[in-house]
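The values are calculated or read from the model by the stated rules, or taken from the named source; none is laboratory data. Everything numeric in this text was worked out from a predicted model, so none of it was measured. Here the Cβ is made from the backbone with ideal geometry for all residues, glycine too, and neighbour counts use every protein chain on show. The protein model used for the area step is the full one, side chains on, heavy atoms only, and it has no ligands, DNA or RNA in it. Shrake-Rupley method; radii C 1.70, N 1.55, O 1.52, S 1.80 Å.
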Amino acid sequence: DTEGLLRIKEENQKHYRRAQRHQEKKEKIQRHNRKLGDLVEKKTYDLKTQYEHLANLRRSHILELTSVIFPIEEVKTSMRDPADVSSESDSAMTSSTVSKLAEARRTTYLSGRWVCDDHNGDTSISITGPWIILPNNGDYSAYYNWVEEKKTTQGPDMEHNNPAHTISAALCYATQLVNTLSLILDVNLPKKLCNRQVKTQQGNHEFCGENLSRHRFTRAVKKLNANILHLCFSQHVNLDLLHPLHTLRNLMYLVSPDTENLGR
């Protein structure tokens, strides 16, 4: 029994020494983990600082781009409210009818509900200059109406201020700006739109060059609007400001200095 007790004591001492070694190993691993945690925390802070620096650089590049090359501004038009014109032409028209006409003009049916649109036709948005504008309400029917009219009318085009030319130029500049913004922000666009003067298997690039049919034109506009909304979502632009049909107005909100997350 005494010999057995001695053997058990020796084994217990071995276990104790092994436990001490394991405890030292555990403490060493814990110190190493703490060092790694501190290092990860420091690297995370450095990475966050670099992201903020990169965002500021992107933001400055975008603001310089949109102030020097692609300025986007709101242009007031001299278009009068139809309710005002109607009230002048018909003295018997009641004030309630006038107010209803004004309300109808400022209302848009969107996603199964009627929404108020205070910018529905009273202003336009210009890009690269006050002479290149787009209707604020997203109605570009003047383009394909003019294209269809040109098919039936022979002779050279002498209308240099034709709204179809203005719409085509504005959409072309918008496409070029969106493609440039995607490179600066490092955001992949969901729709591919070409703005270069090259021939492809599908034909010329969108908007500039040959006159597009109504189907091709509306399809290209939808792709452009989708790309702009995608960029707006990526930069956390306030969703209440966006409208799926307001091409340049959405762009204006995106590149505005008031956009807090521009460059993220």
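If Thr259 satisfies every condition in (1) open to solvent by 80 Å² or more (accessible area, probe 1.4 Å); (2) at pLDDT below 90; (3) within 30 Å of His53 (Cβ to Cβ) but one, which is the exception? Failing condition for Thr259: (1). The number of residues in the range 29-76 being closer than 30 Å to Thr180 by Cα and not aliphatic (A, V, I, L, M) comes to 22.
Here's a check for you: in the range 117-138, which residue that is open to solvent by 30 Å² or more (accessible area, probe 1.4 Å) and either closer than 16 Å to Cys172 by Cα or more than 22 Å from the chain's Cα centre (by Cα) (or both) is modelled with the highest pLDDT? Once the filter is applied, the top-ranked residue is Thr128.
Could you say whether any residue in the range 75-98 is open to solvent by less than 90 Å² (accessible area, probe 1.4 Å), modelled with pLDDT of 85 or more, assigned to a strand (DSSP E or B) and under 23 Å from Tyr143 (Cβ atoms)? Before you say what the answer is, go through the steps one by one.
Step one: list which residues in the range 75-98 are open to solvent by less than 90 Å² (accessible area, probe 1.4 Å), which gives 75, 77, 81-87, 90, 92-94, 96-98.
Okay, now just the ones that are also modelled with pLDDT of 85 or more, so none.
No, there is no match, as no residue in the range 75-98 is open to solvent by less than 90 Å² (accessible area, probe 1.4 Å), modelled with pLDDT of 85 or more, assigned to a strand (DSSP E or B) and under 23 Å from Tyr143 (Cβ atoms).
Scan the range 211-227 and tell me whether some residue there is surrounded by 15 or more Cβ atoms within 10 Å (Cβ to Cβ), outside any helix (DSSP H, G or I) and touching a Ser or Thr at 6+ places or on another chain (Cβ under 7 Å). Scanning the range 211-227 turns up no residue that is surrounded by 15 or more Cβ atoms within 10 Å (Cβ to Cβ), outside any helix (DSSP H, G or I) and touching a Ser or Thr at 6+ places or on another chain (Cβ under 7 Å). Of the residues examined, Glu103 is not one that is at pLDDT 70 or above and over 19 Å from Asn227 (Cα atoms). Selection of first residues in the range 47-72 that are hydroxyl-bearing (Ser, Thr, Tyr) and of second residues that are assigned to a helix (DSSP H, G or I), restricted to Cβ pairs under 8 Å at least 6 apart or on distinct chains, gives the following pairs, ordered by first then second residue: Thr66/Leu177. Of the residues screened, Lys48 is one that is open to solvent by 100 Å² or more (accessible area, probe 1.4 Å) and within 30 Å of Val187 (Cα to Cα).
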